[in-house]
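Data block below; observations after.
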Amino acid sequence: MLSPGVTRVDLPRGAWVEHQPDWIDPAAADDLLAVLRRELVWEQRAVVLFGRSILQPRLIAWAGEIGYRYSGQTLEPRPFTEAVAALRTRVNDRTGVPFNHVLLNRYRTGDDSIGLHADDEPELGEDPVVATLSFGISRRLVLVPRRKSDGPRRAFDLGHGALFVMGGTCQRHFRHGIPREPAVRAERISLTFRHIIRAP
Ligand SMILES: O=C(O)CCC(=O)C(=O)O
């Protein structure tokens, strides 16, 4: 039985997503956005894509008990800040998943983005559940099946205080991303929760 306000979408091949737009109420979300801006160490990192080193078009921060390796870079273990630890506890209770790593993305304007990808690193195990919490301006997450026969791409507008969960075989059969939206001139911060089963 789904909690009120949750939309679940069952996708082909055993993938699913859940979207809960107002999981955190707007006043609390305003406070959290201010705290996250202040509390985290934000940086723009270079990643290796197709053999070339490029700067990611967004800022990132992270917290985790175990390091996380993706796109040719390793995020070494880093302590949880107070706010991120409290949010992790809430997300773990809500999803039943013992997330132990949080990667935060800060999209300064609609010029910042993340390309289509899957969170399918071996350290996440088979068919990981990945949860995302959003603060600030709404941005569109697109979900694109790897096979054309699995239907159209889908889009979800992730607004202030929204919880979005990808589960089942989602990372195996779909890719997701936050495309550029040049008309957007305000900031969004997302926290993406992962359960890392072993160090990279
Ligand atoms: O910002 C988001 O909602 C998605 C971030 C994401 O896909 C990632 O960090 O892997």
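The values are calculated or read from the model by the stated rules, or taken from the named source; none is laboratory data. What you are looking at is a predicted structure, and each value in this text was computed from that prediction instead of being measured. Neighbour counts run over all protein chains shown; Cβ positions are idealised from the backbone, glycine included.
Quick notes on this structure:
- Qualifying residue in segment 98-109 (condition: crowded, with 20+ Cβ neighbours inside 10 Å, assigned to a loop (DSSP other than H, G, I, E, B) and either modelled with pLDDT under 95 or in contact with a helix residue (DSSP H, G or I) (Cβ under 7 Å, 6 or more places away or on another chain) (or both)): yes
- Cβ-Cβ distances below 6 Å connect the following pairs, each with a first residue in segment 121-138 that is closer than 22 Å to residue 189 by Cβ and at pLDDT 95 or above, a second residue that is in a strand (DSSP E or B) and among the aliphatic types (A, V, I, L, M), and a separation of six or more residues or different chains: 130/166; 131/165; 133/163; 133/191; 134/158; 135/189; 136/189.
- Residue 156 vs. criteria of a type in the set (A, V, I, L, M, F, W, C), within 11 Å of the ligand (Cβ to nearest atom) and buried (at least 16 other Cβ atoms within 10 Å of the Cβ): yes
- Matching option when the condition is loosely packed, with under 14 Cβ neighbours inside 10 Å, within 22 Å of residue 73 (Cβ to Cβ) and not aromatic (Phe, Trp, Tyr), among 118, 199, 183: 199
- Residue 74, sole failed condition from (1) in a loop (DSSP other than H, G, I, E, B); (2) more than 21 Å from residue 170 (Cα to Cα); (3) at pLDDT below 95: (1)
- Only one entry of 161, 151 meets the criterion of being within 24 Å of residue 110 (Cα to Cα), touching a residue at least 24 places away in the same chain (Cβ under 8 Å) and away from the ligand (no atom under 11 Å from the Cβ), and that entry is 161.
- Residue within segment 80-88 that is hydroxyl-bearing (Ser, Thr, Tyr) and loosely packed, with under 15 Cβ neighbours inside 10 Å present: no
- Members of segment 54-65 found to be without any contact (Cβ under 8 Å) to a residue 60 or more places away in the chain, part of a strand (DSSP E or B) and surrounded by 11 or more Cβ atoms within 10 Å (Cβ to Cβ), listed by number: 54, 59, 60, 61, 62, 63
- Single unsatisfied condition, residue 41 versus (1) farther than 25 Å from residue 175 by Cβ; (2) in a helix (DSSP H, G or I): (2)
- Apart from one condition, residue 29 fits all of (1) in contact with a strand residue (DSSP E or B) (Cβ under 9 Å, 6 or more places away or on another chain); (2) free of Cβ contacts under 8 Å to residues at least 60 places away in the same chain; (3) in a helix (DSSP H, G or I); the exception is (2).
- Taken over segment 48-72, the criterion of being of a type in the set (S, T, N, Q) and at negative phi is satisfied by 53, 56.
- Any hit, segment 171-178, residues being within 23 Å of residue 61 (Cα to Cα) and over 13 Å from the mean Cα position of the chain (by Cα): no
- Hits in segment 181-200 (condition: under 16 Å from the mean Cα position of the chain (by Cα) and either free of Cβ contacts under 8 Å to residues at least 60 places away in the same chain or within 13 Å of the ligand (Cβ to nearest atom) (or both)): 187, 188, 189, 190, 191, 192, 193, 194
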